Amino acid sequence: MYTSILELRAVLIPDPSSGASEDYGYASTPGATYSYTVELRDTGEYGFLLPADQIIPTGEESYNGVVAMMDWITANDYE
């Protein structure tokens, strides 16, 4: 559908990033297995203020990414 390049990072290695909400959520929720942050598709030109013509493609892309992540978690039965 889209051809955005994704960058995957392990946030909690070696220690929590200062002020990152995914680290706070993971550390403050007993039994939490996963914590993630979704970043939008911009390549540095617009930041989080995307032009109107990029809003729907960004939503579709983000939705597909979350579905793929949940499918992977379900298939790998991580606890």
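The values are calculated or read from the model by the stated rules, or taken from the named source; none is laboratory data. As the structure is a prediction and not an experimental result, all values here were calculated from the model.
If the condition is being of a type in the set (D, E, K, R) and in a loop (DSSP other than H, G, I, E, B), then the range 41-79 contributes ARG41, ASP42, GLU45, ASP77, GLU79.
In the condition set (1) modelled with pLDDT under 75; (2) assigned to a helix (DSSP H, G or I), GLU7 is compliant with all but (2).
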